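Since every read-out is calculated from the coordinates, none of them should be taken as a lab result. Computed from a prediction, not measured in an experiment: that's the story for all the values here. Every residue, glycine among them, receives a Cβ derived from its backbone with ideal geometry; neighbour counts consider all protein chains shown.
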Amino acid sequence: MHYVIVGNGVGGMEAALALRRQDGEARITLVSDEHDHFYSRTALMYVFAGQMRVRDTEPYDRGLYERLRFERVRERMAGLDTQGKSLRSDGAGTLGYDRLLLAVGSRARPAPWPGAAGSGLHYFVTLRDLEGLDREARPGLRAAVVGGGLIGVEVAEILLARGLKVTFVVRENWYFPLALDEREARMVAEHLRAHGVDVRLGVNVEEVRRGPEGALTGVRLGDAPRASAPLAPDAAEVPCDLLVCAIGVVPNTGFLATSGLRLSKGGAIEVDEALRASAADVWAAGDCANVTWADGTRRPEQLWYTARDQGRVAAASMLGDGATYRRGTWYNSAKFFDLEYTTAGWVPVRLDWDNAPLDPRPDVSDWFQRSPGRFDSQRIVCKGERVVGFNMLGGRWNHERLLDWIDSRRTLRFVLDHLAEAQFDEELSPRWRRHPAAPST
């Protein structure tokens, strides 16, 4: 049996390891044009900052491929023939398979603004993106980072630390509305500004400005739909020598356009509950796979741990074990500069794509407090009497305890009485307490 896995990220690697554990004789081929080894993409910011080398981000030693007899193909795939069960590379070579896993991940969403294409434009998703930005980001330059998500704030942080002047442009009326409400986002924006970032909210990039020789000179801004405040005339242009587009990612599936595989409108590979694609002997996992969420919608899950889990399930399915993919309760953690963030469960989105406020159902409520004088807050989401979600900023929280309370259908009163138990016991860190002005239960 010849298993071919296109993509050597966490989903592809976990699948390869699972296949080898169950089938010691199979031929297993890993295809990637980015790097010879599996590395942690979430650590790229630390490589840029000089705190790690690329090799430090590789979870396994470099002898793993040889020990487990993984074959490597360092090429970009250009097409898939599902009838002939073969892949075509950019170099016109072909690679046959018996069973195929597409774990090709995602790439940066291209900058859509007039004048964007050209020197000075960067993204920050792949190792190549890192290398390009690292070459050009010199202390003293002016940088504009566009996009109000986690990648945008990471790029703002590392550019500022290198000595660039950073303007952070966010289309929505508050930062990261997919994850934060207005109170939390206001606190994060305060935190970023305190570090020296020029944060612009509720504005659109309308044009990228370039000089006579094509050199980047700035970006022209305009009011976003339903902007909370009109743009001041003197703020309509942001001078910059470097522009980083961080407006999201798209599945890296362009080479599948003529394959006959069923793709979603956004380009993700449609899969069933066993992660099988629409052609025989083809599976998909990770950022490129369109899966069913708890609310019944279908879209990719763009998290490290879900790609890991999908890789394992896909391998079991490829082996014929009857596995199905069911993601557990949502959780994630991140940092906004040095501001810790932990989320767990269902936290409703409060701002639509066009800046229109969104109201959750009448039986949904929030318990929220911010610690006086600190960048520290807790938000607990309830549906009726039951706690269904957490958003915790400014401290380190054990998501496993939070998930247990959600899954065991605990009440708000119970959670508040026990919340300190979910806080990691870090030396010198302030301990959680309920403030006198906090809402009642």
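Summing +1 for each Lys or Arg and -1 for each Asp or Glu among the other residues whose beta-carbon sits under 14 angstrom from that of I28 gives +1. Kirkwood analysis of the Cα pair distances in the stretch 331-422 returns a hydrodynamic radius of 13.8 Å. The ranking of M392, M1, M45 from fewest to most other beta carbons within 10 Å of each one's beta carbon is M1, M45, M392.
Projecting the alpha carbon convex hull of the chain along each direction and taking the average yields 23.6 nm². Ignoring lysines fewer than eight residues from K165 along the same chain, the ones with Cα atoms less than 27 angstrom from its Cα are K335. Would you mind calculating the relative contact order of the stretch 331-422 from Cα pairs under 8 angstrom and at least 6 residues apart, reporting the percent as a whole number? 28 percent. Distance between the pseudo-spin-label points of F424 and A232 (7 Å out from Cα toward the beta carbon): 4.0 nm. Counting other Cβ atoms within 10 Å as a rough exposure proxy, the listed residues H37, H435, H2 run H435, H2, H37 from fewest neighbours to most.
Only one residue of L133, P177, G118 has its Cα farthest out toward the positive end of the dipole of the stretch 85-216, where Lys and Arg carry +1 and Asp and Glu -1 on Cβ, and that residue is G118. Full extension of the chain segment joining V54 with R135 gains 27.6 nm, where the gain is 0.36 nm per residue of separation less the Cα-Cα distance. Across the stretch 177-324, C-alpha contacts under 8 Å between residues 6 or more apart give a mean separation that, scaled by the residue count, equals a relative contact order of 12 percent. How would the stretch 25-149 be classified by its alpha-carbon gyration tensor: rounded, prolate or oblate, with rounded meaning a/c under 1.5 and the a/b versus b/c comparison settling the rest? Oblate, since a/c reaches 1.5 and b/c is not below a/b.
For the stretch 208-259, the Cα gyration tensor yields ellipsoid semi-axes of 30, 20, 9 Å (square root of five times each eigenvalue, largest first, whole Å). Extension gain for the segment E207 to D81, taken as residue separation times 0.36 nm less the Cα-Cα distance, is 41.3 nm to one decimal. In terms of surrounding Cβ atoms within a 10 Å radius of their Cβ, L231, L80, L164 rank from fewest to most as L231, L164, L80. Helix-only arithmetic for the chain: the sum of -39500 (n - 2.57) across DSSP H runs with n ≥ 4, divided by the residue total, places the mean residue ellipticity at 222 nm at -6000 deg cm²/dmol. Seen from V250, the other residues with C-beta closer than 10 Å to its C-beta sum to a net charge of +1, counting Lys and Arg as +1 and Asp and Glu as -1.
For the pair W293 and A215, a Förster radius of 35 Å applied to the C-beta separation gives a FRET efficiency near 0.20, rounded to the nearest 0.05. Here the label points at R433 and S365, each 7 Å from Cα along the C-beta direction, are separated by 2.6 nm in the simple model.
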